[in-house]
Amino acid sequence: MTGSIVLFGPPGAGKGTQASIIVDLTGKPQISTGDMLRSSVSKGTELGLEAKTYMESGKLVPDQVIIGLIEQRLEQSDASGGVLFDGFPRTIPQAEALEKITNVSAVISIEVPDDDIVSRIVGRRMDPETGEIFHVSFKPAPTEIQGRLIQRKDDTEETVRNRLAAYHEQTKPLGDWYGERGLLIPVDGSGTIEEVGNSVEAAVKSL
């Protein structure tokens, strides 16, 4: 399948986990704009230096800089058959700009109810010694290390609810926009990782 794929869904929906399945099935390289920004800043490229000035002042990097980085990435040989976008676009203007530089052939939307996402994220615990992530319900830590586990400060219910509210306000309309263009493929993301993975695999094979 030629063309790029967008992986879409709320924070905590498990996009990162499922992205590897799509990469394995399609051979398309995964593009994370965050990784691209950090790489271009560390290499001191022209766009990287421009992005750095915004990042250091705590401002959002403008869309035209992100699109410029994506355009450069799409020129690399491994991107000739399209790429997998993870976490981009987030807004309709970004999607419109993306349309001008690559053909998006499908948008796989991992859909999870807000309450499920809250319980997933609020229940996460990290082992500060190894960095391994556990979950109080889905992946309990061994008894002997439970005493040292910590909850990351952005994994509280209030923070998660705020992130979800921002997603529904700013990003969810983009799903409708892609839906109107017949590109959106909804996937139920509320099952186990394996169940969701099977659904993602079926969605990719249907393209």
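Taken over the stretch 122-134, the residue count meeting the criterion of being part of a loop (DSSP other than H, G, I, E, B) and either in contact (Cβ under 8 Å) with a residue 40 or more places away in the chain or of a type in the set (Val, Ile, Thr) (or both) is 1. When the criteria are applied in full, Gly197 meets the requirement of being modelled with pLDDT under 95, within 19 Å of the chain's Cα centre (by Cα), surrounded by 14 or more Cβ atoms within 10 Å (Cβ to Cβ) and not in a loop (DSSP other than H, G, I, E, B). Here Ser137, Ser119, Ser109 are screened, and the one residue that is part of a helix (DSSP H, G or I) and among the small types (Gly, Ala, Ser) is Ser119. Restricting attention to the stretch 89-115, the residues that are in contact (Cβ under 8 Å) with a residue 12 or more places away in the chain, farther than 30 Å from Ala79 by Cα and open to solvent by 60 Å² or more (accessible area, probe 1.4 Å) add up to 1. When the stretch 59-80 is examined, which residues are found to be open to solvent by 30 Å² or more (accessible area, probe 1.4 Å), touching a residue at least 12 places away in the same chain (Cβ under 8 Å) and either in contact with a helix residue (DSSP H, G or I) (Cβ under 8 Å, 6 or more places away or on another chain) or among the aliphatic types (A, V, I, L, M) (or both)? Result: Asp63, Gln64, Gln72, Arg73, Leu74. Is the stretch 119-136 home to any residue that is within 17 Å of the chain's Cα centre (by Cα) and either open to solvent by less than 40 Å² (accessible area, probe 1.4 Å) or more than 18 Å from Leu7 (Cβ to Cβ) (or both)? Yes, that holds for at least one residue.
Of the residues making up the stretch 44-68, those that are of a type in the set (Gly, Ala, Ser) and at negative phi are Gly48, Ala51, Ser57, Gly68. For the stretch 164-190, how many residues are surrounded by fewer than 14 Cβ atoms within 10 Å (Cβ to Cβ) and farther than 16 Å from Gly87 by Cβ? Qualifying residue count, the stretch 164-190: 9.
On the stretch given as the stretch 140-153, residues that are outside any loop (DSSP other than H, G, I, E, B) and exposed (fewer than 12 other Cβ atoms within 10 Å of the Cβ) total 5. Under the condition of being modelled with pLDDT of 90 or more, within 29 Å of Val160 (Cα to Cα), of a type in the set (S, T, N, Q) and surrounded by 16 or more Cβ atoms within 10 Å (Cβ to Cβ), the residues counted in the stretch 19-58 number 1.
The values are calculated or read from the model by the stated rules, or taken from the named source; none is laboratory data. Just so it is clear, the structure is predicted and the values come from calculations on it, not from any experiment. Methodologically, a virtual Cβ is constructed for each residue, glycine included, from the backbone with ideal geometry; neighbour enumeration extends over all protein chains shown. All accessible areas refer to the heavy atoms of the entire protein, side chains included, with ligands and DNA or RNA removed. Shrake-Rupley method; radii C 1.70, N 1.55, O 1.52, S 1.80 Å.
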